[in-house]
Structures are given as structure tokens and as C-alpha cells.
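Here is the structure we will look at, set down as C-alpha cells.
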Amino acid sequence: MNEKISIILPIFNVGSHLKGGIDSLINQTIGNENLEIIMVDDCSTDESGKIIDEYDEKYECCRAIHLEKNTGAANGPRNRGIEESSGDYIMFLDPDDRYTPDCCERLYEEIKKHDAEIAFGRFRRVFTYGEKVQKSYSPYLDDLEKNYPDETFEDANPLNVSDFIWNNILEKILYGKDIEKEYKRDKPIDVIYIDNIEEEPDILKIPPSVWTKLYKRELIIDNNIRFPPYVCGDDMSFALETFLKAKGIVFLNNFICYDYYIRDLPDDKSITNNVNVRFLGDLMDAYTYCRNLTENFSPDIQTVSVTPHLLYWMNTWKNSPFTKEENKLLLEKVNNLKKIHKSSMKTKLILSAMTKMLETSINTKKE
């Protein structure tokens, strides 16, 4: 192999989980001599900085970078990692998660085979304390169920309803029916290859995880694609922009390349588990950013890239207490999106429902 893959890790107080994440890279079947592991510490106050220095000293493929000022979110370290990278391809890992052993090798083989700019696969949600594993959502049929005998699968169900109601009624109404263009849905699909995202808009229904993807360096550098400054939603924005600009996308529907750990104990939560007004505010700003990115694309792209995520926002807001002033701020952000996102009737209905619930909460709360 004459090319290298740069893998960027944003690090902040990862604690005991950090070594497992880095080790999953060191032990990749592609060989760590073909990797450039860039570990960017965002001013950690635990042992994270010391740990990455130890890897830097021990492994030639590892490089530790320590930021002088805390950026407060993953976007800062990720963008610094992009600037510091020198590989022909770029990947991202959240350091408390894991790559599966052949992740890099398989994605590299596919991106070369198809001469694509993005190659990506599926991930597993691993509930550390609930002893449950789920496969990530895909709009395509797959052959993965035989690997999950307990049948605890991910249904991308953001509302508190039964799986039957979600799968057979709400999903079809809110996500829209399958947009069958290049690939039919009557049997399991292994590999999907498209020249551009307009050929298969349903790709955008797949969770926007940057850490399941191998990117050709030129796609990111030549288009000056970076993570926007959001606490939450920066990865969604980055993933969408790369999809919109990529010339060649390959999706491995039956390949699990990443283990995403759900750690839900009070003292073991990531920044995205701590819901506050900035979290939902930044998320709505990210939706608006994404809608603006799709302005010159088809209505299918405009709708699918944003509308399904609104359901997650609504459910998160419903289960989180906010003050009257906080709800006023969130209402302003929702209205900003409402002004520009008019692609479909169901989108208008969802946004109207969001503004109504916020206005009701504002009018019924005391100062």
C-alpha cells in the first residue's frame, strides 16, 4: 500500500475509555504503518493528555497534539486534525468508541475499487450498561439479522411509540416513502454505489456519522469543508456537505465498521448526552445550515436531509425542562428554519407543530 489514511481523534477527558479506542486503530488489519493517527487533546483535565503522549512515544504512526485553549466541542480538534493531516484519505474516530478490526482495510478496498470519494458502512450501538446491541438504521434491507439473535435492532424511532406503529405508519408519513431511484427495496442490498447524491437521496436517511466514513483527502481539502462551530450538529453538517459535493459514494449495507458505545450513567456521559438550551439551539442552527447547503438541490434532497432530524429535536425538547426565556430563544431559531425550509407539506406541518408547542410552553410558564 503506497497511500496513507489519516485518522483524527478529538480528545477531551475521555478517561479509561481512551486506550481502547486508540488500540482499535493500532490493531487494524490494514497495518498501522499505513495509518497516521492524529490525537488532538482539547485541554483535558484528566489523564488523557498523558495517555496520548505515551502512544506518540511508543508508535511511529501516532501523533499527539495539545491545543492551548479549550474549544468546548469536537469541531475544534477535528478541524485542527484536518489541517495537520498528510494522508491520502481522512477518517474520524470518537476516542471512547472502537473501529471493528477490518474497518480501514475494507473501506479502503471499496473506495479504490469504485474510484469513489466516500466509502462508508454501518455501526453498532453498544449499550454498555444495558447489555444490548443494535444495528444502525438503514433504509435498505440487509443480511445482518443473523448476527443478532436477540433481535434488538435499531429502528431509528425517535418517538415514544411502539415499533409496529413507527415502522408501519409514522415512519412512512414523516420520512416520506422510499425514494427508489437506482436501487429497489424488494431484497437485501450488499453494496450501493452512486456517482452523486441525487441518484439515491435515501442515502441521507442513514445516520450522519462521520466516524463510519473514509474520505478522499481532495474532497475535504479542495472544497474547504470543515466542521462548523456547533456543540451538536457539526458532524451532521460536515457529513451532508461531503455527500453533496462528492463524486462517487459507496455504501456497504452489510458491513459493520464501528462500535458506538452508549454510556448512560450519570458520571459517564459525553457532551452530547447533556441536554441544555445550547445543545438544542446549536442543533437547530445546524439544521438551518444544512438546509442552506441544499438550496440548489432537488426537493427530495432538501426534505430528507433535514426533516427526519426534526423529530429527534422535538422528542428531546419534550423530555427536557426549559425556562420561558430559553424557550423564546429556541422558538426564534425554529422560526429561522421555518422561513427557508418549505420543501414539502409535511415539513411545514412539523415546523408548525414545533412552533406551536414552544409558544404554548412560553405562554403557560411563569416568569
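The numbers here are math on the coordinates, done by the rules we state, and not lab data. Just so you know, these numbers come straight off a predicted model, no measurement behind them. Using ideal geometry, Cβ is built from the backbone for each residue, glycine included, and neighbour counts are taken over all protein chains shown.
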Simple label model, 7 Å out from Cα along Cβ direction - E359 to N196, nm: 4.0 nm
Computed P(r) (all Cα pairs; the range 1-153; 5 Å bins; percent): 2, 8, 17, 20, 18, 15, 11, 6, 2, 0
Gain in span if fully extended, D56 to V133, counting 0.36 nm per residue against the direct Cα distance: 24.5 nm
Label-point separation, S86 to N336 (7 Å along Cα→Cβ), nm: 4.0 nm
Which of M314, M345 has the fewest Cβ neighbours within 10 Å, and the rest in rising order: M345, M314
The range 234-353 shape via C-alpha gyration tensor axes, a/c threshold 1.5: oblate
Fully extended contour minus Cα-Cα distance, from N315 to N254, at 0.36 nm per residue: 19.0 nm
Shape call, the range 14-88: gyration tensor on alpha carbons, a/c limit 1.5: oblate
Mean Cβ neighbour count within 10 Å, used as a protection proxy, ranking 136-142, 204-210 highest first: 204-210, 136-142
Unpaired by the 4.7 Å Cβ criterion, cysteines found in the chain: C43, C61, C62, C104, C232, C290
Added length on full extension, which subtracts the Cα-Cα distance from 0.36 nm per residue, L349 to D143: 70.6 nm
Mean Kyte hydropathy of -0.5 or more with a Cα span along the axis of at least 18 Å, helices from DSSP in the chain: 277-293, 345-364
Binned Cα-Cα distances of the chain, short to long, each 20 Å bin given as a whole percent: 28, 61, 11, 0
Fluctuation leader among Y258, Y89, Y183 - the chain, Gaussian network, Cα springs under 10 angstrom: Y183
